[in-house]
Amino acid sequence: MKIAVNTRLLLKDKLEGIGWVAYECLRRMVISHPEVEFHFIFDREPDPKFIFADNVKPVVLFPPARHPFLYIAFFEFAVARYLRKIKADLYLSPDGYLSLRSKVKQIAVFHDLNFEHFPQDFPKIHLWHYKKFFPKYARKADKIITVSEFSKKDICECYGINPDKIEVAYNGANEIFSPVSEKVKKEIRDKYTEGNPYFMFVGSLHPRKNLARLFTSFDLFKKRNNNDIKLLIVGSKRWWTEPIKNAYEAMTHKDDVIFAGRLSAEDLQFVTASALASVYVSYFEGFGIPIVEAFKCDTPVITSNVTSMPEVSNDAALLVDPFNEESIADAMEKILDEEVRNDLIEKGRIRRQDFSWDKAAETWWKVLESQSNKDTKTQRF
């Protein structure tokens, strides 16, 4: 069997959200199914570490798919032509982009439809492309994989898709995430926050991550409490918008906000495991991997009471209204209570057992297998 895969988001030293999901699931499928020929479709020269085994055949197609107009040229012409050339049995797209011109069976992975609900957060040209093509991709796909029951319901309601067409595969978290000793926690605090305890946020600084309200909430928390707690922000400032900048500049306690930038998986694990709490108060998420990462590190979580986050956290996090700074600040105060923290940690230990990349990859494979006309044997991961 030949499975072609859109792997354009497997980028050296630049793996984020969807890229990590693709990396974890594809690596497991490739290794577990040596009988399958995987064609990885890149739009630039790939890092050899993404060629997971001998049954992967990488190809670089032109033009680089880094702009909406180039997306059309890449997926509707270059990808369609390549699928026809190799006589692919299936085409899998971990970021949801399909080839409408191709007659090959196609599986799309949809992570969320944020752009349908908060269009103001997107550049106009990208918004045009998303709203024009993603409804078509949803209808074109022979099967859709998504990352939460919330996202499944959202796709059905927004695009009129039959629920039977969609399979849910919860994301996992890197195996490296685990608790650390008190000695390590002290070393990490010394390194990043001058020895002080800290709340942490991790993610791209996109508007939906709600950094502006997080800054205002933390400032309110600091005004109420005379303490040495810091706020550590992990992620690049690529989406550093005017509202985020203005909220930060208006802070009385902005000196207590520390920007760590992008961190390696190893460093992120140490930072997560050493935090007082992970504060993840986005106003829209299809899943929310940092919630699971914190659970795996025995780190308490504050997260939002909207979209997928109550589903992912279940009863193992303090839920807040992401549009209400008082609600977020109240949770920051509440989580300082040792009894509250210990209860959340125990519940997180239970909830984290429901998430693994092995389970996600197995679901992905079962979907691919269901769409193949050839006999392939399902294996455990």
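All of the numbers you see were taken from the coordinates with simple rules; none came from a lab. These numbers come from a predicted model, not from an experiment. Cβ sites come from the backbone with ideal geometry, for glycine too, and all protein chains shown count toward neighbours.
If you filter region 32-98 for trypsin sites (Lys or Arg not before Pro), then keep DSSP loop positions with at most 16 other Cβ within 10 Å, what is left?
Numbers: sites: ARG44, LYS49, ARG66, ARG81, ARG84, LYS85, LYS87; in loops: ARG44, ARG66, LYS87.
Here the trypsin sites (Lys or Arg not before Pro) that fit, given the DSSP loop and packing criteria, are ARG44, ARG66, LYS87.
Could you tell me the distance between the Cα centroids of region 45-63 and region 280-351, to the nearest Å?
Result: 38 Å between the Cα centres.
Estimate the FRET efficiency between ASP47 and ARG84 by the formula 1/(1 + (r/R0)^6), using the beta-carbon distance for r and 35 Å for R0, to the nearest 0.05.
Computed FRET efficiency for ASP47 and ARG84: 0.80.
Helix 357-371 sits at what angle to the longest principal axis of the chain, using alpha carbons and giving 0 to 90 degrees rounded to 10?
For 357-371 against the chain, the angle is about 30 degrees.
When the gyration tensor of region 153-270 is built from Cα positions, what are the square roots of 5 times its three eigenvalues, in whole Å, from largest to smallest?
Values: eigenvalues 200, 99, 32 Å².
So the three semi-axes of region 153-270 are 32, 22, 13 Å.
Can you tell me which lysines have their Cα less than 21 Å from the Cα of LYS296? Leave out same-chain residues fewer than eight positions away.
The qualifying lysines are LYS183, LYS185, LYS186, LYS347, LYS359.
How many nm separate the modelled label positions at PHE62 and PHE77, each set 7 Å beyond the Cα in the direction of the Cβ?
Spacing of the two 7 Å Cα→Cβ label points: 1.1 nm.
Once the piece of chain linking LYS245 and LYS191 is laid out straight, how much longer is it, given 0.36 nm per residue of separation minus the C-alpha distance between them? Display every interim value, and only then the final one.
Numbers: separation 54, 0.36 × 54 = 19.44 nm, distance 2.53 nm.
Between LYS245 and LYS191, full extension yields an extra 16.9 nm.
Do any of LYS103/LYS152; LYS136/LYS209; LYS12/LYS222; LYS87/LYS124 go past 29 Å between their Cα atoms, and which?
Working: LYS103/LYS152 25 Å; LYS136/LYS209 27 Å; LYS12/LYS222 39 Å; LYS87/LYS124 36 Å.
The pairs that break the limit, which is 29 Å between Cα atoms, are LYS12/LYS222; LYS87/LYS124.
Can you compute the FRET efficiency between VAL168 and LYS223 using 1/(1 + (r/R0)^6), with r the Cβ-Cβ distance and R0 = 30 Å? Round to the nearest 0.05.
Details: r = 42 Å, r/R0 = 1.39.
After rounding to 0.05, the efficiency reads 0.10.
Stretched out fully, how many nm does the piece from CYS158 to GLU16 gain, at 0.36 nm a residue minus the Cα gap? Don't jump to the answer; show the numbers that get you there.
Numbers: separation 142, 0.36 × 142 = 51.12 nm, distance 2.58 nm.
So the chain would gain 48.5 nm between CYS158 and GLU16.
Give me the distance between the Cα centres of region 242-271 and region 152-198, rounded to whole Å.
One Cα centre to the other: 18 Å.
With a/c under 1.5 counting as rounded, go ahead and sort the chain into rounded, prolate or oblate using the C-alpha gyration tensor (a ≥ b ≥ c being the square roots of the eigenvalues; past the cut-off, prolate if a/b is larger than b/c, else oblate). Working shown, then result.
Values: a/c = 1.97, a/b = 1.71, b/c = 1.15.
Because a/c hits 1.5 or more and a/b exceeds b/c, the chain counts as prolate.
Add -39500 (n - 2.57) for each DSSP H run of 4 or more in the chain, then divide by its residues: what number comes out at 222 nm, to the nearest 500 deg cm²/dmol? Could you put the intermediate results ahead of the total?
Working: 15 runs with 156 residues, N = 381.
Calculated from helices alone, the mean residue ellipticity at 222 nm is -12000 deg cm²/dmol.
Could you name the aspartates and glutamates in cross-link range of LYS366, using Cα to Cα under 19 Å and dropping any fewer than eight places away on the same chain?
Excluding near neighbours in sequence, the set is GLU24, GLU35, GLU37, ASP89, ASP95, ASP142, GLU149, ASP164, GLU167, ASP354, ASP358, ASP375.
Rounded to two decimals, what ratio of Rg to Rh does region 182-354 give with C-alpha atoms and a Kirkwood Rh? It would help to have the intermediate numbers written out before the result.
Numbers: Rg = 14.6 Å, Rh = 15.8 Å.
On the Cα set of region 182-354, Rg over Rh gives 0.92.
Using the alpha-carbon atoms, what tilt in degrees (0 to 90, nearest 10) does helix 211-224 show relative to the longest principal axis of the chain?
Result, in degrees: 20.
Return one number: the angle in degrees, 0 to 90 and rounded to the nearest 10, between the long axis of the Cα atoms of helix 17-32 and the longest principal axis of the Cα atoms of the chain.
Taking the Cα atoms of the chain, the angle to 17-32 is about 50 degrees.
List the GluC sites (Glu not before Pro) in region 141-226 that DSSP assigns to loop (not H, G, I, E or B) and whose Cβ has at most 12 other Cβ atoms within 10 Å. Which are they?
Details: sites: GLU149, GLU157, GLU167, GLU175, GLU182, GLU187, GLU194; in loops: GLU175, GLU194.
Taking region 141-226 and a limit of 12 other Cβ atoms within 10 Å, the loop GluC sites (Glu not before Pro) found are GLU194.
Using the crude model of +1 on Lys and Arg Cβ and -1 on Asp and Glu Cβ, and no other charge, please compute the dipole size for region 182-354 relative to its Cα centre, in debye to 20.
Working: 24 positive and 28 negative charges, 104 e Å.
Using only the charged Cβ atoms, the result is roughly 500 debye.
Given charges of +1 on the Cβ of Lys and Arg and -1 on the Cβ of Asp and Glu, with all other atoms neutral, how large is the dipole of the chain about its Cα centre, in debye to the nearest 20?
With only Lys, Arg, Asp and Glu charged at Cβ, the dipole is about 1880 debye.
For a distance above 18 Å, tell me the whole-number percent of Cα pairs in region 269-364 that qualify. Could the numbers behind the result be given before it?
Details: 1943 of 4560 pairs.
Here the long-distance tail beyond 18 Å is 43 percent of all Cα pairs in region 269-364.
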